[in-house]
Ligand code: SF4
Ligand code: SF4
């Protein structure tokens, strides 16, 4: 922790960055985001197992961008998110550096290639528990799966906390806010809830970096991670593409190649 505070102090004092985005103690057992703009405030930073939020979500906010170059305290999923945002042309390399706290101090990664090398050396696979849950879900028949999701989505309040938490939900105007035409009904009812959640899942397919923030943000506990992980594992098996591994990458669901083996796409 001290190494992180020292590093933050140094970066701010030398004006290498204008803001350090990290964590401070929060409520309900979860740390909250802290924006440190003065070296003297760096002592408020913490880093422990309660620091789960993917802080990369703030890099997409215009008011945060206006603060200047940022140093971001990054967990593994945060680093993958930075690379995914770069691959989608949403981040300039000069706009940030990543701080990775570890047992030996703090690693400062100031280029996308340094972040790529670090991410490639990590185990980016799902945990054993995640894999087992995903296998259980994948083993369900279609009817069982449909019933499962209908029941889950029937509890959705359309609060859009999942969207607000997700660093990859960055469109300035979401489909749910269009009313001419109104693609997705505003009230929380079964059909609209299904449409909203399926649309969001499809928009995240092959892009989600499995940070888990959408599930943690959902006030009714819908296991959104199951849907996102299933789609990402389908993209991996069909297109051999894993999101968040490179700052320059093809986009499996938005590119077309004339030699595609599938007839329907020609
Ligand atoms: S969809 Fe959920 S798990 Fe995936 S990047 Fe967004 S918040 Fe994280
Ligand atoms: S956070 Fe949960 S309840 Fe809110 S819109 Fe998303 S899925 Fe629905």
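Observations, loosely collected:
- Length available on full extension from residue 190 to residue 16: 0.36 nm per residue minus the Cα-Cα distance, which gives 57.6 nm.
- Taking every DSSP helix (H) stretch of at least 4 residues in the chain, weighting each as -39,500 (n - 2.57) and dividing the sum by the residue count yields a mean residue ellipticity at 222 nm of -11000 deg cm²/dmol.
- The packing ranking of peptides 86-96, 142-152, highest mean first, is 86-96, 142-152, where packing means the average number of other beta carbon atoms within 10 angstrom of each residue.
- Prolate/oblate/rounded label for region 2-120 (Cα gyration tensor, a/c 1.5): rounded
- With the simple model of a label 7 Å out from the Cα in the direction of the Cβ, residue 262 to residue 113 spans 3.5 nm.
- Cα-based helix-to-principal-axis angle, 76-87 vs the chain, degrees rounded to 10: 80 degrees
- In terms of its Cα atoms, the chain spans 58, 45, 42 Å along the principal axes, sorted from long to short.
- Using the average count of surrounding beta-carbon atoms within 10 Å as a protection proxy, the listed peptides 67-75, 130-138 rank, highest first, as 67-75, 130-138.
- Region 128-239 shape via C-alpha gyration tensor axes, a/c threshold 1.5: prolate
- Computed from Cα positions, the angle between helix 224-239 and the longest principal axis of the chain comes to roughly 80 degrees.
- Against the chain, whose longest principal axis is taken from its Cα atoms, helix 190-204 shows a tilt of about 50°.
- Part-to-part distance (alpha-carbon centres) for region 164-230 and region 29-102, which is given in Å: 23 Å
- Modelled FRET efficiency - R0 41 Å, residue 121 with residue 180, Cβ distances, 0.05 increments: 0.25
- Sites residue 254 and residue 161, calculated FRET efficiency, Cβ-Cβ separation with R0 25 Å, nearest 0.05: 0.40
- Inter-probe distance in nm under a simple model that places probes 7 Å from Cα toward Cβ, at residue 173 and residue 65: 1.7 nm
- An oblate overall shape is assigned to region 70-206, the ratio a/c of its alpha-carbon gyration tensor axes (a ≥ b ≥ c) being 1.5 or greater and a/b not exceeding b/c.
Quick note: the coordinates plus some simple rules give every number you see, no bench work behind them. Remember, predicted model here, so these are calculated numbers, not experimental data. Here the Cβ is made from the backbone with ideal geometry for all residues, glycine too, and neighbour counts use every protein chain on show.
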